[in-house]
């Protein structure tokens, strides 16, 4: 693989930058297991990759970066691991908040945030307030998130509005649903990356990725950095995005 600087130069030559990149960060547990270390050590090392990818996204000119950090299903993991993940979330915010603000990163957390431990929830609210004015990059961190639940919630809102006479069922459109999702106001992802070689969507942004380009990286998340993100963007730049159409 070429070094990161060379890859970034190639990206700038090609010109087409994905406006919104989403990443399913996978492989922390396997990374730790391969080194005969506890799973939380893998998660901790994965935090370094978050910083590297945020900085790389800014360098490449990406507008929105979405990271799938903790799914609704992850609550079913052993209590010790869940507790460690919540502690790491607090640690990440405490360690990175000032640097994120300095780099112009606006942080958003999307998911069932009321399920978070009180200290983690307070940390989340703090960094969201601190970075609300930033405009260089929007960083969506999906925590306690599941796409089916998100869509169901949108459907329930639409049903309530229709039952109350506020919405004509015949006028329901794609936009009607999109406006009621957690990502309302955010462009759909152009590129979805999954690390660790797994080929699953894992209940992430099911509505939003209808025409998203997929890139499966064999690299485990703690080893994923600037060069790996740039490789994915370069691959994206080679795609012919037709959105269901064909050229005449």
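The values are calculated or read from the model by the stated rules, or taken from the named source; none is laboratory data. If you're wondering where the values come from, they're calculated on a predicted model, not measured in any experiment. Neighbour counts are summed over all protein chains in view; Cβ atoms, including those assigned to glycine, are modelled from backbone coordinates with ideal geometry.
The table that follows gives values for the structure above.
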{"quantity": "Subset of region 127-152 (residues that are surrounded by 14 or more Cβ atoms within 10 Å (Cβ to Cβ), free of Cβ contacts under 8 Å to residues at least 40 places away in the same chain and not in a loop (DSSP other than H, G, I, E, B))", "calculated": "127, 128, 130"}
{"quantity": "Among residues of region 192-214, those that are within 17 Å of residue 63 (Cα to Cα), out of contact with any helix residue (DSSP H, G or I) (no Cβ under 6 Å at 6 or more places or on another chain) and not in a loop (DSSP other than H, G, I, E, B), counted", "calculated": "1"}
{"quantity": "Among (1) modelled with pLDDT under 95; (2) in a helix (DSSP H, G or I) - the single one residue 54 does not satisfy", "calculated": "(1)"}
{"quantity": "Residues that are within 23 Å of residue 45 (Cβ to Cβ) and without any contact (Cβ under 8 Å) to a residue 40 or more places away in the chain, drawn from region 100-113", "calculated": "107, 109"}
{"quantity": "Residue within region 54-72 that is surrounded by fewer than 17 Cβ atoms within 10 Å (Cβ to Cβ) and over 24 Å from residue 18 (Cβ atoms) present", "calculated": "no"}
{"quantity": "Where residue 16 falls short, out of the listed (1) touching a residue at least 12 places away in the same chain (Cβ under 8 Å); (2) in a helix (DSSP H, G or I); (3) surrounded by fewer than 21 Cβ atoms within 10 Å (Cβ to Cβ); (4) in contact with a helix residue (DSSP H, G or I) (Cβ under 6 Å, 6 or more places away or on another chain)", "calculated": "(2)"}
{"quantity": "Options 89, 67, 85: the member that is assigned to a strand (DSSP E or B) and touching a helix residue (DSSP H, G or I) at 6+ places or on another chain (Cβ under 7 Å)", "calculated": "67"}
{"quantity": "Yes/no for residue 116 being touching a helix residue (DSSP H, G or I) at 6+ places or on another chain (Cβ under 6 Å) and either in contact (Cβ under 8 Å) with a residue 12 or more places away in the chain or surrounded by fewer than 16 Cβ atoms within 10 Å (Cβ to Cβ) (or both)", "calculated": "no"}
{"quantity": "Count of residues meeting criterion [over 14 Å from residue 68 (Cβ atoms), surrounded by 15 or more Cβ atoms within 10 Å (Cβ to Cβ) and touching a residue at least 24 places away in the same chain (Cβ under 8 Å)] in region 158-190", "calculated": "7"}
{"quantity": "Which numbered condition residue 231 misses (of (1) under 28 Å from residue 112 (Cβ atoms); (2) part of a helix (DSSP H, G or I))", "calculated": "(1)"}
{"quantity": "Residue within region 176-191 that is assigned to a loop (DSSP other than H, G, I, E, B), over 30 Å from residue 43 (Cα atoms), modelled with pLDDT under 95 and more than 17 Å from the chain's Cα centre (by Cα) present", "calculated": "no"}
{"quantity": "Residue check for residue 100: modelled with pLDDT of 95 or more and either under 20 Å from residue 76 (Cβ atoms) or surrounded by 13 or more Cβ atoms within 10 Å (Cβ to Cβ) (or both)", "calculated": "yes"}
{"quantity": "Qualifying positions in region 37-62 - in contact (Cβ under 8 Å) with a residue 40 or more places away in the chain and more than 15 Å from residue 230 (Cα to Cα)", "calculated": "39, 40, 42, 43, 44, 45, 46, 47, 48"}
